[in-house]
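The values are calculated or read from the model by the stated rules, or taken from the named source; none is laboratory data. Since the model is a prediction, treat every value here as computed from it, not as a measurement. Cβ placement follows ideal geometry from the backbone for every residue including glycine, while neighbour counts extend to all protein chains displayed. When the accessible area is computed, the model is the full protein with side chains, heavy atoms only, and any ligands, DNA or RNA have been set aside. Shrake-Rupley method; radii C 1.70, N 1.55, O 1.52, S 1.80 Å.
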Amino acid sequence: ITKNAYDHSIQKAEEIADFTILCPHWGREFKISVDEKQKALTNMFLEEGVDLVLGTHPHVIEPIEWLTHENGNKMLVYYSLGNFVNGTDSTGKGVSNRMVGCMADVTIARNVETGKVEIVKDAAYPVVCHVAEGTEYTVYFLDDYTEELAEKNFIRNQDPEFSKELCEWILLQVWGEQ
């Protein structure tokens, strides 16, 4: 992906909108870390004035960060929200990573002093996709998910290591201490 692939769209959005949200399809599938292409594009988005990035594609959560450009532009980046609902056929180590997702909660408002629309509140709520035998899917906030539910999650047939504790460990690896 080149800078030119996004330039026109971002410039057009900046001309007609008070707040620019970009949802790139990027990153490496199943990798919980940010790759070099994502970093390069993020820097370009920041420079061009994007306000919020909601990344998609890797099927797993990735880091979240606030960035500030030397020109004063601030940008919130959710590199990947992961899966909300997941019914993978894969097996083995790492499959559990796909069961953890994120709900982004972002409130924007116009600053009465500057007139600029900006993010006034942001949060990330981790969720777990629970699969009952068959095709019954339920999404729980991680705080509401229990070890008893995890023991019954059908994903354990594909990854026996799946547990609530593992889901919490994944979050710690990606987001650090919250």
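Mind pulling the per residue volume of the convex hull built on the Cα atoms of the stretch 1-147? Å³ is fine.
Hull volume normalised by residue count: 138 Å³.
Figure the gain on full extension for residue 14 and residue 157 (residue separation times 0.36 nm, minus the Cα-Cα span) and round it to one decimal in nm.
Here the segment from residue 14 to residue 157 would lengthen by 46.7 nm.
Rounded to the nearest 500, what is the chain's calculated 222 nm mean residue ellipticity when only DSSP H runs of at least 4 contribute -39500 (n - 2.57) each, over all residues?
-7500 deg cm²/dmol
At 1.4 Å probe size, what's the solvent-accessible area of residue 159? Round to the nearest 10 Å².
The accessible area of residue 159 comes to roughly 10 Å².
In the chain, which longest range has no GluC sites (Glu not before Pro) that are both DSSP loop (not H, G, I, E or B) and surrounded by at most 14 other Cβ atoms within 10 Å?
71-112
Any chance you could list the semi-axes, whole Å, largest first, of the equivalent ellipsoid that the Cα gyration tensor gives for the stretch 107-178, using √(5λ)?
In descending order the semi-axes read 36, 14, 9 Å.
Output the pairs from 37/93; 74/116; 74/121; 121/164 with a Cα-Cα distance over 18 Å in this structure; if there are none, say none.
From the list (37/93; 74/116; 74/121; 121/164), the Cα-Cα distance tops 18 Å for 37/93; 121/164.
At 1.4 Å probe size, with no ligands or nucleic acids counted, give the accessible surface of residue 156 in Å², nearest ten.
Roughly 80 Å² of residue 156 is accessible to a 1.4 Å probe.
Read phi for every residue in the stretch 146-153 and hand back ³J(HN,Hα) as whole Hz from Karplus 6.51 cos²θ - 1.76 cosθ + 1.60, θ = phi - 60°, with x for Gly and Pro.
Computed from phi, the couplings for the stretch 146-153 are 10, 5, 5, 5, 4, 5, 9, 5 Hz.
So how far apart, in nm, are the two label points at residue 31 and residue 144 if each is 7 Å from Cα heading toward Cβ?
Modelled inter-label distance: 3.4 nm.
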